[in-house]
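Working notes for the structure below.
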Amino acid sequence: MAAFDWLKARETEYGDVLPRTLLSEGFVYHGQRVPLVGPQGIFKPRVLPKIPLSITTSPKSPYSDSFNPDGFLLYRYRGQDPDHHENVGLRNALLHNVPLVYFHGIIPGKYLAVWPVFIVGDNPSDLTFTVAVDDMTYLRRQKPHLGTAAYIADSDDEARRSYITYGVKHRLHQRGFRERVLAAYKDQCAFCRLRHRELLDAAHIIPDNEPGGDPVVNNGIALCKLHHAAFDNMFIGIRPDYRIVIREDLLNEIDGPMLQHGLKGLHHTKILIPRRADLRPKPAHLIQRWEKFSRQATISGAYFLDGVNAQ
């Protein structure tokens, strides 16, 4: 519970994607330093006698952790031996219904923190444990005995846990998309170059609810929150040559400095793009988005780019 409290406080500072250096340093509990992650995916700090504190999926993990058809996480055994002491530790967590922390590597050095999670199944035939995410409100305190936890799940309702775990799966995709896009754009807005990560989003070129709207870097652009909202609401378009176009009615509008400098001043400027060609906006996505923008906005004049009628 001290680990859960510490993570909650760090999440307030950093958001739910935490740097590995912070997790490796950990916190002090009764005079002992308690790291939350270690060299191996199944991690038990010295302060705990038998049961691990956390499980981790590395961004470049050799293990194929995945989700099963019921929506639960399948976490790979350590190695091939079901009786390896780390696998035994997770089996003890299953036996005693002990809550753990799950860290999912988003990009190298950054992890999404999820808790509490429970080991709810052991599958020796395919060398995996089944993991479910739950909600802290369903934990209750008990008087601990040898080998048992002070807090256990009040209810192990499968439908609730499946729903919560599915929500975490969605978060993994969204956080992974954001972190990869921001890394490609070196943590700055592609329109205005703002560098404060807290104010940056990963904007989809093709929305994620449309065909082709996959959470991949070449379908994303790093934008500050103002320009993300303006882009999503078709106040701003991006031509296939990476130049910004502001909707004509905005260009003709008279308002305060935010409109003048934050939006109108971007007209016909070029967006920042990643150095690596494979990370840049996919040309087909830009054309599709530009055509959608052109249909919904009145643009002053017509722009012809490489045979493409920008109107």
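The values are calculated or read from the model by the stated rules, or taken from the named source; none is laboratory data. Model, not experiment: these values are computed from the prediction. Cβ coordinates were reconstructed from backbone atoms using ideal geometry, including for glycine residues, and neighbour counts include every protein chain displayed.
For the condition over 29 Å from ARG180 (Cβ atoms), out of contact with any helix residue (DSSP H, G or I) (no Cβ under 9 Å at 6 or more places or on another chain) and modelled with pLDDT under 95, ASP306 does not qualify.
Highlighted here would be strands (runs of 3 or more DSSP E) found entirely within the range 117-195 that include at least 2 residues which are at pLDDT 85 or above and touching a His at 6+ places or on another chain (Cβ under 7 Å), but there are none.
Of all residues in the range 199-219, those satisfying the criterion of being more than 14 Å from the chain's Cα centre (by Cα) and outside any loop (DSSP other than H, G, I, E, B) are LEU199, HIS204, ASN218, ASN219. For ALA113, state whether it is of a type outside the set (D, E, K, R) and either modelled with pLDDT of 95 or more or assigned to a helix (DSSP H, G or I) (or both). So ALA113 fails the test.
Answer yes if at least one residue in the range 77-89 is in a strand (DSSP E or B) and in the same structural domain as LEU112 (by TED's automatic domain parsing), and no otherwise. Within the range 77-89, none of the residues are in a strand (DSSP E or B) and in the same structural domain as LEU112 (by TED's automatic domain parsing).
Reported count of residues in the range 214-243, each being of a type outside the set (Gly, Ala, Ser) and either touching a helix residue (DSSP H, G or I) at 6+ places or on another chain (Cβ under 7 Å) or crowded, with 23+ Cβ neighbours inside 10 Å (or both), is 17. Restricting the first member to the range 3-15 and to residues that are outside the structural domain of ASP201 (by TED's automatic domain parsing) and under 16 Å from GLU25 (Cα atoms), and the second to residues that are modelled with pLDDT of 95 or more and in a helix (DSSP H, G or I), the beta-carbon pairs closer than 8 Å and six or more apart or on different chains are ARG10/LEU22; TYR14/LEU22.
Does the range 56-67 include one or more residues that are part of a helix (DSSP H, G or I) and either touching a strand residue (DSSP E or B) at 6+ places or on another chain (Cβ under 9 Å) or hydrophobic (A, V, I, L, M, F, W, C) (or both)? No, the range 56-67 contains no residue that is part of a helix (DSSP H, G or I) and either touching a strand residue (DSSP E or B) at 6+ places or on another chain (Cβ under 9 Å) or hydrophobic (A, V, I, L, M, F, W, C) (or both).
Quick check on LYS270: is it closer than 25 Å to ALA184 by Cα and surrounded by fewer than 16 Cβ atoms within 10 Å (Cβ to Cβ)?
Spelling it out, LYS270 is indeed closer than 25 Å to ALA184 by Cα and surrounded by fewer than 16 Cβ atoms within 10 Å (Cβ to Cβ).
The residue pairs whose first member lies in the range 221-243 and is closer than 11 Å to ARG289 by Cβ, whose second member is hydroxyl-bearing (Ser, Thr, Tyr) and surrounded by fewer than 21 Cβ atoms within 10 Å (Cβ to Cβ), and whose beta carbons are closer than 9 Å, counting only pairs six or more residues apart or on different chains, are GLY237/SER294; ARG239/TYR303. Considering only the range 56-78, I want to know if a residue exists there that is over 22 Å from the mean Cα position of the chain (by Cα) and without any contact (Cβ under 8 Å) to a residue 24 or more places away in the chain. So far as the range 56-78 goes, no, none of its residues is over 22 Å from the mean Cα position of the chain (by Cα) and without any contact (Cβ under 8 Å) to a residue 24 or more places away in the chain.
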